[in-house]
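To start, the structure under review is shown below, and the notes come after it.
The values are calculated or read from the model by the stated rules, or taken from the named source; none is laboratory data. What you see is a predicted model; the values in this text were computed from it and never measured. Neighbour counts are summed over all protein chains in view; Cβ atoms, including those assigned to glycine, are modelled from backbone coordinates with ideal geometry.
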Amino acid sequence: MMTQQLDQQFIALTYGRFPIALVKGQGALLTDENGKNYIDMGSGIAVNTFGACDPIWMEAVTQQLHTLGHTSNLYYTQPQTRLAQMLCQRTGMKKVFFSNSGAEANECALKVARKWGEEHGGRHVIVTLKNSFHGRTIATLAATGQEIFHKHFGPFPEGFRYVTPGDQEELRAALSQPDVCAILMEPIQGEGGVEPLDAAFLHLAEELCQAHHLLLMLDEVQTGNGRTGKLFAYMHYGLHPDVVTTAKGLAGGLPLGATLLGPQVSTVLGKGDHGSTFGGNPICAAGACSVLERLDESLFQLVLEKSQAIQDALKECPSVQRISGMGLMLGISASRPAGEIAQRCLEDGLLVLTAKDKVRLLPPLNISWEHLREGIAILKQNL
């Protein structure tokens with residue numbers, strides 16, 4: 001029986017899958033069970049930072065597999081402490097909590113904000129943005145400012161308010177309320193259509209947080225780990241967040257989430273306040289260390305150059321209406337529906353994603369110029 005038939009028989013029907021079964025890959029080239037090759041410009045939704053079966057990453061993970069797999073967080077492990085040190089040294093944050101996904105990383109951030117707010121005047125409301133996406137758990141759905149994700153799953157936890165991205169007056173009004181303890185934002189709203197927040201809006205949010213003694217929390221689950229041409233997107237703006245969450249590309253293909261805590265909140269969580277059985281396990285942490293070691297300025301420069309090459313090529317297409325995003329996280333609005341473009345590209349050997357009404361590109365950060373140009377050519381034919 002083919003993979004697709006087995007999937008439909010035994011796996012919960014939660015995913016609208018493309019009609020192919022991928023069986024192997026190398027870098028930005030993937031192969032399905034019929035032997036057809038595809039250029040991958042989705043990276044498992046920004047997860048495979050260096051593409052499929054990257055040899056350096058595989059060596060780090062395999063070495064750890066042969067050394068120590070899992071112990072639980074009742075014991076110290078070297079890969080986890082090394083990874084935490086690397087993240088703190090490169091961001092200026094003070095502590096890290098490791099989990100298994102972006103939603104879990106955001107759950108931790110919400111708990112940090114709630115406990116911190118309780119200790120600072122009994123405040124509990126967390127402000128997020130309309131059109132945002134922070135995960136699919138009940139609490140992170142409550143934080144998500146899109147009604148489409150709320151249908152069927154209420155009632156949700158209370159204590160969340162939404163403001164319109166870019167609306168400075170709404171932001172001022174929301175953050176001035178006495179029951180607010182924090183704001184949580186994505187620098188680029190990924191699932192919301194690859195929409196970057198305005199720099200002035202981000203800076204105002206930071207100023208208001210400082211003025212009202214609130215926490216500035218940034219969801220960098222999709223934008224982090226070199227995706228935008230900096231280690232984290234907030235670094236483009238010179239922001240100083242209190243909490244940063246990340247996941248996806250952090251471990252290069254393994255499940256790992258991280259909640260980075262700044263000086264103001266570094267000691268909020270005490271023993272027993274939070275936990276994870278698998279979070280920061282040695283194998284995932286070893287993979288993440290391998291990824292972080294390679295996220296340097298030379299790679300960031302290549303990310304920006306490749307981003308510019310994509311944008312320059314697509315601007316030539318009459319059907320392209322708008323390109324949004326940053327680095328190798330781009331959204332393309334075209335006259336043809338995004339879903340139709342993605343399907344046509346698939347048939348021609350190119351994997352792209354969609355976000356709202358846009359085609360979404362999230363290629364491996366080290367995609368070769370040859371594969372990048374070939375992928376752009378296929379995309380242009382189908383826009």
Subject >> Within the stretch 4-24, tally of residues that are polar (S, T, N, Q), loosely packed, with under 10 Cβ neighbours inside 10 Å and under 20 Å from residue 339 (Cβ atoms) >> reply: 1
Original post:
Which residue out of 231, 215, 171, 175 is in contact (Cβ under 8 Å) with a residue 60 or more places away in the chain and in contact with a strand residue (DSSP E or B) (Cβ under 7 Å, 6 or more places away or on another chain)?
Top reply: 215
Original post:
Between residues in the stretch 139-159 that are at positive phi and residues that are acidic (Asp, Glu) and at pLDDT 95 or above, which pairs lie under 9 Å by C-beta distance while being six or more apart or on different chains?
Top reply: 159/179
**OP:** Considering each of 299, 292, 261, 239 in turn, give the residue that is without any contact (Cβ under 8 Å) to a residue 60 or more places away in the chain and of a type outside the set (Gly, Ala, Ser).
**Re:** 239
Original post:
Filter the stretch 290-305 for residues that are closer than 22 Å to residue 59 by Cβ and among the polar types (S, T, N, Q); which is surrounded by the most Cβ atoms within 10 Å (Cβ to Cβ)?
Top reply: 290
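Return yes or no: is residue 141 out of contact with any strand residue (DSSP E or B) (no Cβ under 7 Å at 6 or more places or on another chain) and in the same structural domain as residue 289 (by TED's automatic domain parsing)?
Numbers: out of contact with any strand residue (DSSP E or B) (no Cβ under 7 Å at 6 or more places or on another chain): yes; in the same structural domain as residue 289 (by TED's automatic domain parsing): yes.
Against the criterion (out of contact with any strand residue (DSSP E or B) (no Cβ under 7 Å at 6 or more places or on another chain) and in the same structural domain as residue 289 (by TED's automatic domain parsing)), residue 141 qualifies.
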**OP:** Go through the stretch 50-105 residue by residue and tally those that are within 21 Å of the chain's Cα centre (by Cα), among the charged types (D, E, K, R) and more than 20 Å from residue 268 (Cα to Cα).
**Re:** 2
Subject >> Failed condition for residue 272, given (1) in contact (Cβ under 8 Å) with a residue 24 or more places away in the chain; (2) over 24 Å from residue 366 (Cβ atoms); (3) of a type outside the set (Ser, Thr, Tyr) >> reply: (1)
**OP:** Starting from residues that are among the small types (Gly, Ala, Ser) and assigned to a loop (DSSP other than H, G, I, E, B), keep the ones in the stretch 253-272 and report whichever is surrounded by the most Cβ atoms within 10 Å (Cβ to Cβ).
**Re:** 253
Original post:
Out of (1) of a type in the set (S, T, N, Q); (2) under 16 Å from residue 288 (Cα atoms); (3) free of Cβ contacts under 8 Å to residues at least 60 places away in the same chain, what's the single condition that is false for residue 8?
Top reply: (2)
